[in-house]
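The block underneath contains the structure these notes are about, expressed in structure tokens.
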Amino acid sequence: LASTRTTLPILQNIHLQTSQGQLIIKSTDLEQTVEVNLKVVSEEDRALTIPARLLADYLHNVSSQTVELEFEDTN
């Protein structure tokens, strides 16, 4: 749902948030919003946005069904 043509660059991103053992994935074009909740193992509650194209390309190329995200400071 992330838009590739927008005057608001943040709309090209996917929002990822961990909260209470859940990974919440959100995307919007300001008219529609898609939200997916997944159970995860998470040590802390964190949030970030990542370019949708970067995430899609990575997930398309990863051979494992398990994906591990690691936060380091604000990166």
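Values in this text are rule-based calculations from the coordinates and carry no lab data. Please read all numbers here as calculations on a predicted model, not as lab measurements. Quick reminder, even Gly has a Cβ in these numbers, built from the backbone with ideal geometry, and neighbours come from all protein chains shown.
Structure notes:
- Helix 52-61 vs. the chain, principal-axis angle (Cα, 0 to 90°, nearest 10): 50
- Percentage, to the nearest whole number, of Cα pairs in the chain over 22 Å apart: 25
- Approximate spin-label separation ALA56-GLN17, in nm, with each point projected 7 Å along Cα-to-Cβ: 2.3
- Note on the chain: helix-only mean residue ellipticity at 222 nm, from DSSP H runs of 4+ residues weighted -39500 (n - 2.57) and normalised by residue number, equals -4000 deg cm²/dmol.
- Subtracting the Cα-Cα distance of PHE71 and ILE25 from their residue separation scaled by 0.36 nm leaves 15.0 nm.
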